[in-house]
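Working notes, beginning with the structure itself.
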Amino acid sequence: MKRIAITGVLGYSGRYIAEEAVRRAWHVIGITDSAGRLPNPHGYELRPMPWSPGGEHALDGVDVLVNTYWVRFSYNGRNHAAFSHTEAVEHTLHLFSAAKAAGVQRIVHTSITHPDAASPLPYFRGKAQLEQALEENATPHSILRPAILFGDTPAESILINNMAWSLRRLPCVATFGFGENYRLQPIHVRDYAELAMNEAENSEAHRIVNAVGAETYTFRDLWKMLADGTGAHRPILPVPDWMGLITTRLLGAALGDVMLTQDEIKGLREDRLTVDGATPIGSRVLSAWTKEHASTLGRCYASELQRRR
């Protein structure tokens, strides 16, 4: 039986990839520092991250490594443990080196649409740095570039759920500018998990796949679709970026979370979350999912910081 190591196996996308790996008769090894903190209902073999105490041999005997580890934004640790893009890059470089030293035969790495080494945005710049490092590592690999994931439940689909929450709770919602010049291509996490395992079983030396879903939304149209799906119609107001940022910061402070960052607004405005001409991955679409979950979508706020505890 082949052995696959998956980072984030107790979290979000890593959990779905692990389930798909088991379905395909792989032995799953979870590479995580969350043992004892998050439940392990499937009883996966767990090993610490290679940069953590006791993690020096975390990838021994592993055939394929699937990496989902990353951070959405940098956080200074006011209410939770601190984390940063810089640290995430350093840790991932360590992970790649450990995989090569352990003789891992293939790496499947989660990147982002439109990584850019010259970008002032650390998310996209860091992802580009890691893609370059993986090329230099020389281990056969697949680089997957998703934009936004949504999952089986509203609670784990944070961006989509919290947009619906805003529709249900606020007198109006907003777009940055008119919301018509930047787009998103969400992909269901199960479609992403199937893609990741297809790439784990691929024999090509170097592959890059734009992992985008079958539907493309402008930001304004995404608001409209969610309003139609949930029945929570609100005026959609165009606002300057600075006003939208202040509003989301105030809401985030009231909720004890980070709703949206300045860098994320800039990434949206630069239309980085869509890839023109890319072949859609999977068949699960957000519009049908929204109707399926209409009764619960946005009923409760989903906290990014709470998920990271």
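Let me confirm something: among Thr139, Thr175, which residue is surrounded by fewer than 24 Cβ atoms within 10 Å (Cβ to Cβ), in a loop (DSSP other than H, G, I, E, B) and more than 17 Å from the chain's Cα centre (by Cα)?
Thr139
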Seminar exercise, completed: Of Ala278, Ala254, the only residue that is on the phi < 0 side of the Ramachandran plot and part of a helix (DSSP H, G or I) is Ala254
Exercise. Yes or no: Pro146 under 30 Å from Asp63 (Cβ atoms), modelled with pLDDT of 95 or more and over 19 Å from the mean Cα position of the chain (by Cα)?
Worked result: no
Exercise. For region 278-309, what are the residues that are at pLDDT below 95 and among the acidic types (Asp, Glu)?
Worked result: Glu304
Exercise. What residue, of Trp289, Trp242, is over 24 Å from Val189 (Cβ atoms) and not small (Gly, Ala, Ser)?
Worked result: Trp242
Exercise. What is the residue count in region 240-272 for residues that are closer than 19 Å to Ser119 by Cβ and under 23 Å from the mean Cα position of the chain (by Cα)?
Worked result: 14
Seminar exercise, completed: The one condition Ala214 fails out of (1) surrounded by fewer than 19 Cβ atoms within 10 Å (Cβ to Cβ); (2) aliphatic (A, V, I, L, M); (3) without any contact (Cβ under 8 Å) to a residue 60 or more places away in the chain; (4) not in a helix (DSSP H, G or I) is (3)
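Okay, residues lined up against (1) outside the structural domain of Met243 (by TED's automatic domain parsing); (2) of a type in the set (Val, Ile, Thr); (3) touching a Gly at 6+ places or on another chain (Cβ under 9 Å); (4) buried (at least 20 other Cβ atoms within 10 Å of the Cβ):
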site	(1), (2), (3), (4)
Gln105	yes, no, no, no
Pro120	yes, no, no, no
Leu134	yes, no, no, yes
Ser166	no, no, yes, yes
Ala196	yes, no, no, yes
Ala200	yes, no, no, yes
Ser203	yes, no, no, no
Exercise. Can you name every residue in region 255-272 that is surrounded by fewer than 19 Cβ atoms within 10 Å (Cβ to Cβ), in contact (Cβ under 8 Å) with a residue 60 or more places away in the chain and out of contact with any helix residue (DSSP H, G or I) (no Cβ under 6 Å at 6 or more places or on another chain)?
Worked result: Gly256, Asp263, Lys266, Arg269, Glu270, Asp271
For this session: Hey, could you check region 1-47 for residues that are part of a strand (DSSP E or B) and at pLDDT below 95 and say which is nearest to Ala193 (Cα to Cα)?
Result: Leu38
Exercise. Which residue out of Leu121, Leu95 is closer than 18 Å to Thr7 by Cα and of a type outside the set (Phe, Trp, Tyr)?
Worked result: Leu95
Seminar exercise, completed: Subset of region 154-168, residues part of a helix (DSSP H, G or I) and of a type in the set (S, T, N, Q), comes to Asn161, Asn162, Ser166
For this session: Answer yes or no as to whether Gly77 is in a loop (DSSP other than H, G, I, E, B) and modelled with pLDDT of 95 or more.
Result: no
For this session: Inspect region 150-172 for any residue being basic (Lys, Arg) and either on the phi > 0 side of the Ramachandran plot or touching a strand residue (DSSP E or B) at 6+ places or on another chain (Cβ under 9 Å) (or both) and give the result as yes or no.
Result: no
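The values are calculated or read from the model by the stated rules, or taken from the named source; none is laboratory data. Since the structure is predicted, the reported quantities are computational estimates derived from the model, not experimental observations. Backbone-built Cβ (ideal geometry, glycine too); neighbour counts: all protein chains shown.
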